[in-house]
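K.L.:
Can you keep this structure in mind? I'll have questions shortly.
Every number in this text was worked out from the coordinates using simple rules, so none of it is lab data. Since the model is a prediction, treat every value here as computed from it, not as a measurement. Neighbour counts run over all protein chains shown; Cβ positions are idealised from the backbone, glycine included.
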């Protein structure tokens, strides 16, 4: 969920950088001084920076199954991914 949120922020920032430059340069002096003259540099920094963060979050190997806020399986503690049967057993035991 955090990865999805960061992806939306990344693409939203790039859209704001490209489409709303003329509006923001009149309203925000920081934008006019630093970001507007260097849009390409700012866009590359946003893209690479967010990609770095997102890839690190995805590659941790963490996989957890929670049902109603209760942790029922964690790959970090067991060291293995749950099977489909285990997940169905988790769901049937909770429901």
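K.L.:
Output the 0 to 90 degree angle, nearest 10, between the alpha-carbon long axis of helix 84-94 and the longest principal axis computed from the alpha carbons of the chain.
P.N.:
The angle comes out near 80 degrees.
K.L.:
If you compute Cα extents along the principal axes in Å for the structure shown, which of (i) 45, 38, 19; (ii) 59, 25, 17; (iii) 39, 32, 24 do you land on?
P.N.:
(ii)
K.L.:
Next up: How far is helix 39-58 tilted off the main Cα axis of the chain, in degrees rounded to 10, range 0 to 90?
P.N.:
So the inclination is approximately 10 degrees.
K.L.:
Considering Cα pairs under 8 angstrom that are at least six residues apart, work out the relative contact order of the chain and quote it in whole percent.
P.N.:
Numbers: 51 pairs, mean separation 20.0, N = 95.
Reported relative contact order: 21 percent.
K.L.:
Summing -39500 (n - 2.57) over the DSSP H runs of n ≥ 4 in the chain and dividing by its residue number, what mean residue ellipticity at 222 nm do you reach, to the nearest 500 deg cm²/dmol? Don't skip to the end; give the middle numbers.
P.N.:
Details: 5 runs with 60 residues, N = 95.
It lands at -19500 deg cm²/dmol.
K.L.:
Just to be sure I understand the model, the point goes 7 Å from the Cα along the line to the Cβ. What's the resulting residue 81 to residue 3 distance in nm?
P.N.:
1.2
K.L.:
Using only Cα atoms, tell me the angle between helix 2-19 and the longest principal axis of the chain; keep it within 0 to 90° and round to the nearest 10.
P.N.:
So the inclination is approximately 20 degrees.
K.L.:
Who wins for biggest fluctuation among 56, 68, 26 in a Gaussian network model of the chain, springs between alpha carbons below 10 Å?
P.N.:
68
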